[in-house]
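Only one structure is covered here, and it is reproduced in the block below.
Please treat every number below as a calculation from the coordinates, not as lab data. For clarity, every value in this text was computed on a predicted model and none was experimentally measured. Here the Cβ is made from the backbone with ideal geometry for all residues, glycine too, and neighbour counts use every protein chain on show.
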Amino acid sequence: MPVPKRKTSKARRDQRQSTKFIRPQSITQCANCQEPLATHQACAVCGYYKGRKVLNTKLERTIKRTETRTALQAKAQQSAQSQDSNEQGHEQDNEK
């Protein structure tokens, strides 16, 4: 099994270990909304990355969700009204 021939000097040892530290994360600004942003990441505020829209923001998702819910509720009310009118029509036919 191989063993070191000579003692590793303090300078060589420390030089090797000098690259093993935690570097602070660089922070930039979003080009679209000027919010602080980690590099190479899409902006959480506006959803843009490199000038292109790539994410739906939380506000957009809630707006779309409410629009979908109101559309579904309107459709359900409309179908309930049509069923009620159909039942009333059948009752009148049965009376004759």
Exercise. Name the residues in segment 60-77 that are within 30 Å of Cys30 (Cα to Cα), of a type outside the set (S, T, N, Q) and more than 11 Å from the chain's Cα centre (by Cα), would you?
Worked result: Ile63, Lys64, Arg65, Glu67
Problem set entry | Neighbours by Cβ (under 8 Å, 6+ apart or cross-chain): first from segment 31-56, free of Cβ contacts under 8 Å to residues at least 40 places away in the same chain and at positive phi; second surrounded by 10 or more Cβ atoms within 10 Å (Cβ to Cβ) and among the β-branched types (Val, Ile, Thr) | Gly47/Val54; Gly47/Thr57
Problem set entry | Test for Thr8: is it in a helix (DSSP H, G or I) and of a type in the set (Ser, Thr, Tyr) | no
